[in-house]
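First up is the structure itself, then whatever we jot down about it.
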Amino acid sequence: MLNEIVNPGDFLLASPALKGSYFQDSVIFMVEASPRAGSWGLVINHRVHMPLDEVFKRTVKATNRSIPWDMDGLKRQLHTFFFGGPVQNTDPFQKLSVCVLEAGSSVFEGAFEISKGVFLSRIPLDMELPVAALISPQNKNARMFFGYSGWATGQLEDEILNGSWEVSSPVPFEVFSKNRDEIPATVNSFRESYERSYRAR
């Protein structure tokens with residue numbers, strides 16, 4: 001069964017078999033792994049640096065209190081975002097489905113604790129994000145994801161057994177309590193960083 005192979009809080013490391021695909025050299029943090037309901041997770045090493053006002057155009061128009069614009073030049077400041085996977089809404093960038101991953105504590109009420117000290121919030125598309133809190137200098141580990149990676153019932157199990165993915169189990173808090181810009185960028189660098197926790201399936 002799938003939950004005997006991979007569990008929520010595990011990491012999937014793309015094998016060379018996925019070269020040339022969307023998931024080439026991807027590291028995925030598993031949020032749900034169910035043999036009955038399917039599985040999904042977030043690619044944690046596909047990042048992009050973008051100005052805040054390019055991502056939050058609609059939020060900015062709605063209220064100037066969303067981002068502290070009195071800080072000179074903040075709206076053009078580059079911020080690290082992540083592409084969690086290919087499953088997402090279409091149309092403008094700011095309409096993509098949003099997940100926020102936080103370590104230690106969460107700015108959201110009702111955030112789901114996936115692993116000890118690691119919280120996930122899935123944000124409705126029409127909800128205004130507390131941008132100022134998420135980008136504050138004191139909150140260097142909050143990660144915002146656009147899109148996610150999903151598998152139908154039995155699909156991920158087959159992919160793992162066929163050698164497309166390897167399973168790694170470092171402590172999630174150890175990974176996500178670090179600055180969001182310090183996530184290893186490749187499968188090999190992730191494996192080297194957490195070699196003692198690595199386990200191939």
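The values are calculated or read from the model by the stated rules, or taken from the named source; none is laboratory data. Given the structure is predicted, the values throughout are model-derived calculations rather than measurements. Here the Cβ is made from the backbone with ideal geometry for all residues, glycine too, and neighbour counts use every protein chain on show.
Here is a check on your reading of the model: is Val31 surrounded by 14 or more Cβ atoms within 10 Å (Cβ to Cβ), aliphatic (A, V, I, L, M) and outside any strand (DSSP E or B)?
When the stated conditions are applied, Val31 does not pass them.
Tally time: how many residues in the range 34-47 are outside any strand (DSSP E or B) and of a type outside the set (D, E, K, R)?
Of the residues in the range 34-47, 5 are outside any strand (DSSP E or B) and of a type outside the set (D, E, K, R).
Name the residue that is surrounded by the most Cβ atoms within 10 Å (Cβ to Cβ), counting only residues in the range 138-176 that are assigned to a loop (DSSP other than H, G, I, E, B) and among the aliphatic types (A, V, I, L, M).
Ala142
I need a count of the residues in the range 1-33 that are in contact (Cβ under 8 Å) with a residue 24 or more places away in the chain, out of contact with any Leu (no Cβ under 7 Å at 6 or more places or on another chain) and of a type in the set (Gly, Ala, Ser).
5
Which residue pairs have Cβ atoms closer than 6 Å, lie 6 or more positions apart in sequence or on different chains, and pair a first residue in the range 187-201 that is buried (at least 17 other Cβ atoms within 10 Å of the Cβ) with a second residue that is modelled with pLDDT of 55 or more and assigned to a helix (DSSP H, G or I)?
Tyr198/Arg191
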